[in-house]
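Structure first, then comments.
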Amino acid sequence: MKCARAWISKIRPGKYAPIHQDIDDNIEEYLSQGEVIRFSTFISHPYPGGVFVCKNQCFHCELSGNTYQWDHYLDYHAGGNCGLHDQFMFHFLGIK
Amino acid sequence: MATYIGNSNKTMKWEDLINHLKLIPPRLRGNDQEDDIHLGNPKVEKLIKIWENAGYDKNNAAAKWIDYLPYEHFSNVWVENFSKWINCEPAGCWVSAVPPGYIVPWHPDYKMPNQEKEWLSKGPIVHYTCYICEPSFGQVSIIENHAIYDPKQGDVYRWDDWQNWHGGLNMGLETKYMFNFFGWQK
């Protein structure tokens, strides 16, 4: 898998990212190279309160290292934290 | 944790209650709001310190929610009917609403110490939550390590302990409504 883009998101207690799609200005260039696939990995300790929602799935208290492949890289999603500890996630946009 | 009990929507038309609540002014809770229940409660003062240490501050406009109370905001008939449905004697009930963009920070539900003592003298307290609105994207409730997402309208859960730590947030586009119940199981 070739990496098109990768980043780490951090959501502090009391913060959230509302429902959205990840729009990438370079998506046409990635698509010209092959199929674009999206992965997300939970990288912090599974403290309660940190949540990630993708379509109709809610991820909470995921073990550090748990990795999911998205149905589609443009799926609507959101993340938030009503807990007491930061939540970190590693995101990967790849080209197959 | 919480245990799924069943769906109450055939017994109670929760949509009617929500339509009523949408028309009346609510009681805002959270940062910058008058807190008449918790004023001077040592447990809550300790909790606020925990929030501050975690990074919540008074300027966080998202840390808010809305409460509606029986008699004051809606008929107590809703409490009576729900009590019958779960076979309990009610101690206290309220409807909480979490509009889009609001977060309810991690906490147990504390009452004033003398009230907790009085309640517990009558027997163990049970805590039920009913999700009274249609499910919508981004509405999450968390009880200990149990996230409840996308429940059906009318779904009822009984908490393992009435003072389980919990929180919630709404990252979606519609207001979330919950009917909360404290009481004694018959």
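With the condition being under 22 Å from residue A:79 (Cα atoms) and touching a Ser or Thr at 6+ places or on another chain (Cβ under 8 Å), I'd like the strands (runs of 3 or more DSSP E) fully within region B:1-101 carrying at least 1 qualifying residues.
On the way: elements: B:2-7, B:27-30, B:64-68, B:88-98.
Once the strands (runs of 3 or more DSSP E) in region B:1-101 are filtered for at least 1 residues that are under 22 Å from residue A:79 (Cα atoms) and touching a Ser or Thr at 6+ places or on another chain (Cβ under 8 Å), what remains is B:64-68, B:88-98.
I'd like to check which strands (runs of 3 or more DSSP E) are fully inside region B:110-186 and have at least 3 residues that are in contact (Cβ under 8 Å) with a residue 40 or more places away in the chain.
So the answer is B:126-131, B:155-159, B:166-170, B:176-185.
Can you name the condition, by its number, that residue B:108 falls short on among (1) more than 13 Å from the chain's Cα centre (by Cα); (2) surrounded by fewer than 16 Cβ atoms within 10 Å (Cβ to Cβ)?
Of (1) more than 13 Å from the chain's Cα centre (by Cα); (2) surrounded by fewer than 16 Cβ atoms within 10 Å (Cβ to Cβ), only one is false for residue B:108: (1).
Name the residues in region A:55-89 that are hydrophobic (A, V, I, L, M, F, W, C) and within 10 Å of chain B (Cβ to nearest Cβ), would you? Break it down into steps so the answer makes sense when it comes.
Within region A:55-89, the first condition is being hydrophobic (A, V, I, L, M, F, W, C), and the residues that meet it are A:58-59, A:61, A:63, A:70, A:74, A:78, A:82, A:84, A:88-89.
Passing the criteria: A:58, A:59, A:61, A:78, A:82, A:84.
Those residues that are open to solvent by 50 Å² or more (accessible area, probe 1.4 Å) and in a strand (DSSP E or B), I need them from region A:7-30; list them, please.
The initial filter retains those residues of region A:7-30 that are open to solvent by 50 Å² or more (accessible area, probe 1.4 Å), namely A:7-8, A:10, A:12, A:15-16, A:18, A:20-21, A:23, A:25-26, A:28-29.
Within region A:7-30, A:7, A:8, A:10, A:16, A:18, A:20 meet the criteria.
Out of everything in region B:45-60 that is touching a strand residue (DSSP E or B) at 6+ places or on another chain (Cβ under 9 Å) and at pLDDT 85 or above, what residue ends up being surrounded by the most Cβ atoms within 10 Å (Cβ to Cβ)? Explain how you work it out, then say what you get.
The initial filter retains those residues of region B:45-60 that are touching a strand residue (DSSP E or B) at 6+ places or on another chain (Cβ under 9 Å), namely B:47, B:50-51, B:54, B:56, B:60.
Applying the additional criterion that residues be at pLDDT 85 or above yields B:47, B:50-51, B:54, B:56.
Values: B:47: 18, B:50: 13, B:51: 20, B:54: 19, B:56: 24.
Among those residues, the one meeting the criterion is B:56.
Please determine, by comparing only the residues of region A:31-54 that are part of a strand (DSSP E or B) and polar (S, T, N, Q), which one is most open to solvent (accessible area, probe 1.4 Å). Spell out how you get there, then give the answer.
Step one: of region A:31-54, the residues part of a strand (DSSP E or B) are A:36-42, A:50-54.
Cutting the leftovers down to polar (S, T, N, Q) gives us A:40-41.
Numbers: A:40: 3, A:41: 24 Å².
So, considering only residues that are part of a strand (DSSP E or B) and polar (S, T, N, Q), the one most open to solvent (accessible area, probe 1.4 Å) is A:41.
Of the residues B:63, B:97, which is touching a strand residue (DSSP E or B) at 6+ places or on another chain (Cβ under 7 Å) and either more than 11 Å from chain A (Cβ to nearest Cβ) or of a type in the set (Asp, Glu) (or both)?
B:97
Which one of these does residue B:84 not meet: (1) closer than 25 Å to residue B:145 by Cβ; (2) modelled with pLDDT of 95 or more; (3) open to solvent by 30 Å² or more (accessible area, probe 1.4 Å)?
The one condition residue B:84 does not meet is (1).
Among the residues of region B:169-186, write down those that are within 22 Å of residue B:19 (Cβ to Cβ) and surrounded by 18 or more Cβ atoms within 10 Å (Cβ to Cβ). Outline the logic, then answer.
Here is the first cut: in region B:169-186, the residues within 22 Å of residue B:19 (Cβ to Cβ) are B:170, B:172-181.
Within region B:169-186, B:170, B:172, B:175, B:176, B:177, B:178, B:179, B:181 meet the criteria.
Pick from B:150, B:161: which is open to solvent by 10 Å² or more (accessible area, probe 1.4 Å), charged (D, E, K, R) and closer than 22 Å to residue B:100 by Cα? Steps first, answer last, please.
Working: B:161 fails: closer than 22 Å to residue B:100 by Cα.
On inspection, the qualifying residue turns out to be B:150.
The values are calculated or read from the model by the stated rules, or taken from the named source; none is laboratory data. Owing to the predicted nature of the structure, the values given are computational and were not obtained by experimental measurement. Every residue, glycine among them, receives a Cβ derived from its backbone with ideal geometry; neighbour counts consider all protein chains shown. Surface areas here come from the heavy atoms of the whole protein model, side chains and all, with no ligands, DNA or RNA. Shrake-Rupley method; radii C 1.70, N 1.55, O 1.52, S 1.80 Å.
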